[in-house]
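Have a look at the structure below, then the notes.
What follows draws every value from the coordinates through simple rules; no lab data is involved. Note that the structure is a prediction, hence the values are computed from the model and not measured. Cβ: placed from backbone, ideal geometry, glycine included. Neighbour counts: every protein chain shown.
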Amino acid sequence: MEVQTLVLSKYIAATEHDDGIIVFSTKTGKIIKISEIVWEYLNNESIHKLPADIREYLENNQILVDAGRDEFTEILNQNEMINSNITTLYEVIQPSAYCQMGCFYCGQNHQNINLNEKNILSIVNRIEEKIETNAFKALKIGWFGAEPLIGMASMREITSRLKEICERANIGYSAKIITNGLKLTETVFTELCNTLFVDSIEITIDGTEDTHNERRNLKNSDKGTFSTIIRNLEKILQLRSENNYNVKISIRCNVDQVNQDTVIPLINFLNEKQILQHVKFYTAKIHEWGDKSNDEVLTFDYPNQEIFWLKKLIENEKAVPLLPNRVYNVCLATRKNSFVYDAYGNTFKCTEIPYINNDTQSEFFLGKLNQDTINDLDFAATWESDIKAGKSYCLTCNFFPVCGGACPKSWMEGNIPCPSFKYNMPERLRLYYDTIKKN
């Protein structure tokens, strides 16, 4: 390639560090360190002055690319190719419309209703049809809520039927679950692992005991939920160790202005209880959900605070993903064949729509299970068109390969869902480099 045709890729992030510059390619995931002089050449149209071996090195890592290269279209084409060859059918099922908790930021309306036999049969039949008419190699079920463990009877029935279908089709079967943890007893955990084929469990804990109990309170009682969840966690971690269960356990801490100061104390608590080293721990900023704008608690610098939490986890010798990976599909909404089935027999293309006010009026509502056909709306194509049209910041964003636009629903609603790493990447890069150098 001629030197004069080379330019700096639009898909990089860089920051100063000690005596050089750390450069991260968001397109390839490669991270390198170069001298300040080389960096000056790259940014001052002096690429031709660089030695040939350095230019070749930067080309190989796609820090330098051909001037006529349409990198954005390349990213879209790669995404389309990967998505057209997905071999795992992913479906989300909400076996219950009820949850014991009354979290203030939750946008759902809960009713004590579980999936009935008719809707169970419809879900199973629709999934079976997808398996029969596509070349899938595996089926993955996501159990979601409200609180899915309230609908254990439905989970058992659905799993039994789907597992039989997968065995006949000679494809794999597995499941994951997001739960509040209250009903995650030793007996339930054992069943999840042994007969429901769950390989991933996520539990939410919103800070230390007093704070968590105020935020994730029971609807019908003043009794706190923190101690029950921690007790269950300790027991299932012991069970996993004793029985070699191959199941990943994650703790998610939802954070806002009010509880941000309890994240590090929670990390310390989990470390002292010898829980931290055996789970994945991560934080998530509370966002708008249904009619819950949650504006009053969102005015704080989450990206800056997140760096302190990441440093604390590293201090506790906890491996944390500091740099984002390449994203080919942002969510279920843009994934072909994937639906969300709620306990009323509705189908959706987004997990945040069921049980909110007027959920069946949403553009993510696909129809009722009792309809003859349900159209899988092509949100992937719509989302791609919106990006090309500049309806989001994605077209010109250097983080597009590792973000993909984050959340189509948020952009459609006029909210900006850009990930925190867009705002704290310099700190992440330095932290990553220091951690690698230390180890």
Taking θ as phi - 60°, what are the ³J(HN,Hα) couplings along region 356-366 by the Karplus curve (6.51, -1.76, 1.60), each to the nearest whole Hz, with x for Gly and Pro?
7, 4, 6, 4, 7, 8, 6, 5, 8, 7, 9
Give me the distance in nm between label points sitting 7 Å out from Cα along the Cα-to-Cβ direction at THR435 and ASN44, one decimal.
3.5 nm
What is the sum of charges around ILE353, taking Lys and Arg as +1, Asp and Glu as -1, for the other residues whose C-beta is under 10 Å from the C-beta of ILE353?
-2
Can you tell me what share of the DSSP beta bridges in the chain is antiparallel? A percent to the nearest 5 is fine.
40 percent
Could you give the distance between the Cα centres of region 298-317 and region 412-439, to the whole Å?
11 Å
Angle, helix 302-315 long axis vs. longest principal axis of the chain, Cα atoms, 0 to 90°, nearest 10?
90 degrees
By how many nm would the segment from ARG69 to ASN337 lengthen if fully extended, with 0.36 nm per residue of separation less the alpha-carbon distance?
93.2 nm
Label-to-label distance, nm, for residues given as SER35 and ASP199 (7 Å Cα→Cβ offset)
4.8 nm
Cut-off 18 Å (backbone N to label point 7 Å along Cα→Cβ of THR396), residues of region 10-25:
10-13
With the dipole of region 116-193 defined by +1 on each Lys or Arg Cβ and -1 on each Asp or Glu Cβ, the option from LEU162, ILE178, THR133 whose Cα lies farthest towards the positive pole is THR133
Check which residues have an amide H placed less than 5 Å from SER250's amide H, if you skip close sequence neighbours.
ILE201, GLU202, ILE203, LYS280
Karplus ³J(HN,Hα) for region 397-408 (6.51 cos²θ - 1.76 cosθ + 1.60, θ = phi - 60°; Hz, whole; x = Gly/Pro) runs 8, 6, 9, 3, x, 9, 10, x, x, 6, 9, x
In this structure, the FRET efficiency calculated for ALA135 and LYS311 from their beta-carbon separation, with R0 = 30 Å, to the nearest 0.05, is 0.10
Summed side-chain charge close to LYS33 - residues other than LYS33 whose Cβ falls under 12 Å, Lys, Arg +1, Asp, Glu -1:
-2
Find how much the distance from LYS248 to ALA52 grows on full extension, using 0.36 nm per residue of separation minus their present alpha carbon separation; answer in nm with one decimal.
65.9 nm
Identify the residues of region 327-342 with backbone N under 16 Å of a label point that sits 7 angstrom from the Cα of ILE113 along the Cα-to-Cβ direction, or state none.
341-342
